[in-house]
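> Pasting in a structure now, in structure tokens, and then I'll have a few things to ask.
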Amino acid sequence: MSRIPNSVVGDAVTSTESWDTLEALVSVGNRMAGQTGEAEGAEIIADAFERGGARDVEINEFEIPGWWRGSSSLSVGEETLVADHEVIALPGTPGGDATGELVDVGYGLAEDFEERDLDGKIVMASSETPDDHGRWIHRMEKYVCAANAGAAGFVFRNHVEGCLPPTGEIGYHNRPGPIPAVGVSKEVGTRLLREHAVEGNEGEEGSGSETTISVECRNEPTNSRNVEAVVGPDTEKEVLVTAHVDAHDVSEGANDNGAGSALVAEIGRLLGKVELDTRVRLVTFGSEEIGLYGAYHAAETHGLESIKCVINIDGAGNSRNLGVGTNGFDELGDAFEEVTDEMRLPLSTHERISPHGDQWAFVQEGVPSVMTYSRSGGSGRGWGHTHADTLDKLDIRDLRAMALALSNVVVAVAEEDREIPHKSREQIRDEIDEGYVEELKLGGRWPYDE
């Protein structure tokens with residue numbers, strides 16, 4: 001059963017509009033935050049909003065601390081890796097060289113850094129988190145732990161096969177970070193681990209090879225932009241449907257997050273054909289990948305009390321299996337369950353508050369907000385944040401299915417009699433997992449006064 005009319009359902013499952021928008025986005029090439037391609041991506045979304053019948057379409061610019069990639073290399077023994085399928089810099093890293101003994105810390109959990117002599121070393125950690133750990137350990141946390149342990153440099157090795165070095169920001173609020181950082185593929189990381197790196201706890205025999213990482217990059221201010229539009233009645237309250245349009249410069253950014261931006265535009269188009277109880281604001285953020293700056297700008301420039309809830313979409317194009325992180329807002333989780341039960345769709349739900357994703361800028365202020373995504377096999381980001389995040393991995397049928405399911409969810413949360421209470425900042429602060437508290441404090445991103 002769908003909450004939107006059958007005629008609109010038929011439109012949703014036959015239209016090519018979302019795929020056309022996605023194709024236009026990936027054709028841009030580099031949509032790195034604050035750079036020319038991100039601006040072009042914003043124009044593509046603004047055009048899609050207008051084609052879909054949304055009103056009050058606007059592009060809002062704001063300043064961010066930008067980052068531009070140059071060349072990177074990793075030298076160990078007589079070998080120097082320079083190809084971008086072997087080694088790439090992590091955004092937010094400073095430029096420069098770092099030399100030291102190569103030491104591997106495994107998963108890079110907090111305990112992996114304890115009682116280790118890492119001062120002056122080049123620290124290498126896996127992108128993987130063990131299944132039984134309880135929460136995902138972000139690259140940012142591993143980098144900060146390495147820097148705080150006195151490391152001279154950081155190497156982030158992918159756990160996904162395919163000669164794919166991972167990128168991703170290093171997580172300091174005041175960038176650049178303190179030490180150079182690069183990503184290497186699983187294959188390169190495995191060879192470094194086998195031939196050159198010290199493993200295990202301090203005191204074990206053996207020493208790692210002297211390793212040098214070299215990064216060329218620029219850290220300087222630039223402008224990013226958000227795109228907004230509205231559909232539905234002019235009510236005091238509004239539901240935000242959001243995604244980020246920027247992507248890392250090493251790939252097309254198809255699933256992360258061209259698909260999310262295309263879905264926001266498609267949901268807006270479909271909802272323009274539906275009688276809504278509450279206004280829906282469509283927003284695509286800039287600069288998610290290097291610090292959530294677009295989401296923070298939106299949260300700071302909108303009256304938060306007027307926002308009924310936020311449905312954020314990120315990484316939702318690689319299957320039609322819907323997942324949602326509720327951040328502890330049970331009423332939003334209930335709406336997703338109701339809709340997927342009615343439509344007989346599978347749903348994966350987790351309740352832990354996560355500081356990763358654009359919804360966090362609203363969650364930290366107590367605004368009911370969720371992260372929605374599509375579930376696929378494997379752990380971690382899969383192809384995300386690598387050269388392989390390309391359009392050929394996606395399927396128009398999945399995009400259509402996600403647009404239909406999420407449009408029904410938005411109709412449900414927009415119902416006038418559905419209560420979705422806000423929380424206080426203090427409530428959110430007290431509900432955050434201790435591990436994430438530590439991560440946010442380590443990187444200078446803890447938003448609460450003690």
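> Using only the alpha-carbon atoms, how far is helix 17-27 inclined from the longest principal axis of the chain? Give it as 0 to 90 degrees, nearest 10.
30 degrees
> Along the three principal axes, how long is segment 32-131 when you take its alpha carbons, biggest first, rounded to the nearest angstrom?
59, 34, 25
> Continuing with this model, one more query. Just the number, please: carbon plus sulfur as a percent of the accessible area of the chain, 1.4 Å probe, no ligands or DNA/RNA counted.
43 percent
> Under 10 Å, Cα contacts only: if you run a Gaussian network model on the chain, which one of P346, P166, P178 comes out with the highest mean-square fluctuation?
For the chain, modelled as a Gaussian network with Cα springs under 10 Å, the answer is P346.
> Let me ask something else about it. So which residue, out of W383, W68, W19, gets the largest mean-square fluctuation from a GNM of the chain using Cα contacts under 10 Å as springs?
Evaluated over the chain, the most mobile residue of the options is W68.
> If you take every DSSP beta bridge fully contained in the chain, what fraction is antiparallel? Give it as a percent rounded to 5.
Antiparallel: roughly 55 percent of the beta bridges in the chain.
> How far is helix 186-195 tilted off the main Cα axis of the chain, in degrees rounded to 10, range 0 to 90?
The angle comes out near 20 degrees.
> What GluC sites (Glu not before Pro) does segment 40-110 have in DSSP loop regions with at most 12 other beta carbons within 10 Å?
Passing sites in segment 40-110 are E78.
> If you don't mind, another one. Post the alpha-carbon centroid distance, segment 379-402 to segment 157-227, in whole angstrom.
So the separation of the two Cα centres works out to 24 Å.
> Among (1) 0.98; (2) 1.01; (3) 1.04, only one was calculated for this model; which label is it, if the read-out is Rg/Rh (Cα atoms, Kirkwood Rh)?
(1)
> Related question: Past 21 Å, Cα to Cα, is the threshold; run K142/K423; K142/K186; K142/K441; K121/K441; K273/K393 against it and keep the listed order.
The pairs that break the limit, which is 21 Å between Cα atoms, are K142/K423; K121/K441; K273/K393.
> Something else: Provide the per-residue ³J(HN,Hα) series for segment 412-418, in order, calculated from phi with Karplus coefficients 6.51, -1.76, 1.60 and θ = phi - 60°, each as a whole number of Hz, with x at glycine and proline positions.
Each residue's phi maps through the Karplus curve to give 5, 6, 7, 4, 4, 8, 8 Hz.
> Would you please give the residues with an amide H less than 5 Å from that of D433, counting only those at least 5 places away or on a separate chain, with H modeled from the backbone geometry?
I353
> A follow-up question, please. Quick one: grab the alpha carbon gyration tensor of segment 369-450, order the square roots of its eigenvalues as a ≥ b ≥ c, and give me rounded if a/c is under 1.5, else prolate or oblate depending on whether a/b is larger than b/c.
Judged from the Cα gyration tensor, segment 369-450 comes out oblate (a/c at least 1.5, b/c at or above a/b).
> P(r) for segment 85-243, please, calculated from all Cα pair distances in 10 Å bins and given in %.
11, 36, 29, 12, 8, 4, 1
> Would you list, by chain and number, the aspartates and glutamates whose Cα falls below 15 Å from the Cα of K237, excluding same-chain residues fewer than 8 positions away?
Of all the aspartates and glutamates, those that pass the test against K237 - Cα under 15 Å, at least 8 places apart if same chain - are D277, E305, E415, E416, D417, E419.
> Something else: What figure, in Å² to the nearest 10, do you get for the accessible area of C217 with a 1.4 Å probe and non-protein molecules left out?
The value for C217 is about 40 Å².
> Amide H to amide H, which residues 5 or more places from T222 or on other chains are under 5 Å from it, using H placed in the peptide plane?
Distant-sequence amide H within range of T222: I64, G66.
> Per-residue ellipticity at 222 nm for the chain, helices alone: DSSP H runs ≥ 4 residues times -39500 (n - 2.57), over residue total, nearest 500 deg cm²/dmol?
Calculated mean residue ellipticity at 222 nm is -8500 deg cm²/dmol.
> Okay, moving on. Just check segment 255-353 against the gyration tensor rule for me: Cα atoms, a ≥ b ≥ c as the square roots of the eigenvalues, rounded for a/c under 1.5, and otherwise prolate or oblate depending on whether a/b exceeds b/c.
rounded
> When a/c is below 1.5 the answer is rounded, else prolate if a/b is larger than b/c, else oblate, so apply that to segment 277-413 with a ≥ b ≥ c taken from the square roots of the Cα gyration tensor eigenvalues.
Since a/c reaches 1.5 but b/c is at least a/b, the shape of segment 277-413 is classed as oblate.
> Between the DSSP loop rule and a limit of at most 13 other Cβ atoms within 10 Å, which GluC sites (Glu not before Pro) in segment 193-270 are left?
Qualifying residues, ordered by number: E202, E204, E205, E236.
> Given a 1.4 angstrom probe, what's the average accessible area per residue across the chain, in square angstrom?
38 Å²
> OK, next. With r defined as the distance between the Cβ atoms of D84 and I59 and R0 fixed at 41 Å, what FRET efficiency is calculated, to the nearest 0.05?
Using R0 = 41 Å, I get an efficiency of 0.85.
> Also: Check G208: other-chain or 5+ apart residues with amide H under 5 Å from its amide H, H built from backbone geometry?
Residues meeting the amide H criterion: L102, V198.
> Under the definition of Cα pairs under 8 Å and six or more residues apart, what whole-number percent is the relative contact order of the chain?
Relative contact order of the chain: 21 percent.
The values are calculated or read from the model by the stated rules, or taken from the named source; none is laboratory data. This one's a predicted model, so the numbers in the text were calculated from it and none came from an experiment. We place every Cβ from the backbone using ideal geometry, glycine too, and count neighbours over all the protein chains shown. We work out accessible area using only protein heavy atoms, side chains counted, and drop any ligands, DNA or RNA first. Shrake-Rupley method; radii C 1.70, N 1.55, O 1.52, S 1.80 Å.
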